[in-house]
Amino acid sequence: IDEVLTNMDEYVDFNSFDANGDKTIDAIIISVPETAGEDHWWPCAGRYAGNFNNTIDGLAPGHIIVGNAEIKSADDSQNFVSSYIHELGHCMGLPDYYLYDQRSSEGLHGSAGFDTMDELFCDFSCASKLMLGWYRSNQIQVYDYNGDDEQTFILTDAQTENGSCVIIPCGNAIADDLCSEFIVLEYTTLNNNNKSIPEKYWWLRFGNGIRAFHVEA
C-alpha cells in the first residue's frame, strides 16, 4: 500500500478522497488479475495497518480493499461492481450477513439473503439502508402503538429512489440512532438493482412482495 501511494502521489490529489474531512483517505481499492487466484486475493476489506506517520497529501490511509474481481469486458462489469460495493459496505460499517465456511443457506435464509452483504448481484435491504442512513425522514414510517391495534401504511417500491419502509418497535421506543430492536418491513421487487436475481439465484424463491427483517442494532 505504501509503495502504491508513494508512486501515485505526483499524479493524484488524495484530498479528493476524503469526503468527511477527517484527514483520512476514505477507501482504496486494489484490483488484481483474476488469475492471481483466491488463496490470497479473495475480495476483502480492512483497515490500513502500516505506518500512520507516512501521510500522503497530509492524509493517512483508511480502509483498504483488495481482490481479484475483474471487469470481464466492456459490457460485463457486474462481478467487479457487486464485489466492491459489498466491500465498500464493510467500510461503511456493515457486517457480512452470510456465515463463513458454511453454505449460503446458513446465512439469511431464502429471499432474505437478497442483500449485497449476503448474496451479490442485488440491492441493499431496508435493514442495511437504515443502518447506512440512506432513507430520508419522509421514507421512514413507524408503527406507534396508541391503543389502536390497526394502522395503515403505504410501502413504495424499495428498489426505487423513493422506496420506503415501516419500523415496528420491539417493546421500547426506537432510539434516535436506530440502535434498537425492531422489525422493519419493505416492499421489495425485481426492479433496478434486483433485476439480476432471477438469473443468478434461479433455485431460490423470488418475486415482488413484503419482506420483514428482525433487527437488533
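From the mean inverse distance of alpha carbon pairs (Kirkwood) and the Cα radius of gyration, derive Rg over Rh for the stretch 5-67.
Here Rg/Rh amounts to 1.01.
Any cysteines in the chain with zero other Cys Cβ atoms under 4.7 Å from their Cβ? List them, or say none.
Those would be 44, 91, 122, 170, 179, since no other cysteine Cβ in the chain comes under 4.7 Å of theirs.
For the chain, with only Lys/Arg (+1) and Asp/Glu (-1) charged at the beta-carbon, what is the dipole magnitude about the Cα centre, in debye rounded to 20?
440
Could you order 72, 129, 200 by accessible surface area, starting with the largest, using a probe radius of 1.4 Å?
Correct descending sequence by accessible area is 72, 200, 129.
Is it possible to state the helix-based mean residue ellipticity at 222 nm for the chain, with each DSSP H run of 4+ residues giving -39500 (n - 2.57), the sum divided by total residues, to the nearest 500 deg cm²/dmol? What is it?
-4000 deg cm²/dmol
Using a simple charge model, +1 on the beta-carbon of Lys and Arg, -1 on the beta-carbon of Asp and Glu, nothing else, what dipole does the stretch 122-217 show about its Cα centre, in debye to the nearest 20?
Dipole about the Cα centre, nearest 20: 540 debye.
Under a 10 Å cutoff between Cα atoms, tell me which one of 27, 74, 127 has the largest fluctuation in the Gaussian network model of the chain.
74
Can you give me the orientation-averaged projected area of the convex hull built on the Cα atoms of the stretch 160-213, in nm²?
Over all viewing directions, the stretch 160-213 projects a mean Cα-hull area of 4.8 nm².
Taking the chain as the reference, fit the longest principal axis to its C-alpha atoms, fit the long axis of helix 78-91 to the helix C-alpha atoms, and give the angle between the two in degrees, 0 to 90, nearest 10.
Roughly 80 degrees between the two axes.
Apply 1/(1 + (r/R0)^6) to the Cβ-Cβ distance of residue 8 and residue 71, taking R0 = 25 Å, and write down the FRET efficiency to the nearest 0.05.
0.80
Please enumerate, by chain and number, the lysines with C-alpha under 18 Å from the C-alpha of residue 72, excluding those fewer than 8 residues away in the same chain.
Residue 72 reaches 200.
Take 59, 185 and sort them by solvent-accessible surface of the protein heavy atoms, 1.4 Å probe, largest at the top.
If we order 59, 185 from most to least accessible, we get 185, 59.
Can you find, among 73, 192, 125, the residue farthest towards the positive end of the dipole of the stretch 58-217? Put +1 on the C-beta of Lys and Arg, -1 on that of Asp and Glu.
73
Mind pulling up the Rg/Rh value for the chain? Radius of gyration and Kirkwood radius, both on Cα.
Reported Rg/Rh, Kirkwood definition of Rh: 1.02.
Which of 109, 63, 90 moves the most in a Gaussian network model of the chain with Cα springs under 10 Å?
So, out of 109, 63, 90, the one fluctuating most is 109.
Specify which residue in the list 217, 170, 134 is farthest towards the positive end of the charge dipole of the chain, using unit charges on the beta carbon of Lys, Arg (+1) and Asp, Glu (-1), about the Cα centre.
Value computed over the given set: 170.
For the stretch 53-172, what is the accessible area per residue in Å² when the probe is 1.4 Å?
53
Can you give the percent of C-alpha pairs in the stretch 108-195 whose distance is more than 15 Å?
So the pairs more than 15 Å apart make up 61 percent of the total in the stretch 108-195.
Can you tell me how the stretch 35-127 classifies by the Cα gyration tensor, rounded, prolate or oblate, using a/c under 1.5 as the rounded cut?
Judged from the Cα gyration tensor, the stretch 35-127 comes out prolate (a/c at least 1.5, a/b above b/c).
With +1 assigned to the C-beta of every Lys and Arg and -1 to the C-beta of every Asp and Glu, and no other charges, what is the dipole magnitude of the stretch 3-121 about the Cα centre in debye, to the nearest 20?
Its charge dipole is roughly 220 debye.
Could you please put 132, 99, 94, 108 in sequence from largest to smallest accessible area, using a 1.4 Å probe?
99, 108, 132, 94
Per-residue accessible area for residue 137 at 1.4 Å probe radius, Å² rounded to 10?
Its heavy atoms expose roughly 110 Å² to the probe.
The values are calculated or read from the model by the stated rules, or taken from the named source; none is laboratory data. Since this is a predicted model, take the numbers as computed values, not measurements. We place every Cβ from the backbone using ideal geometry, glycine too, and count neighbours over all the protein chains shown. Accessible surface is based on the protein model in full, side chains and every heavy atom, while ligands, DNA and RNA are left aside. Shrake-Rupley method; radii C 1.70, N 1.55, O 1.52, S 1.80 Å.
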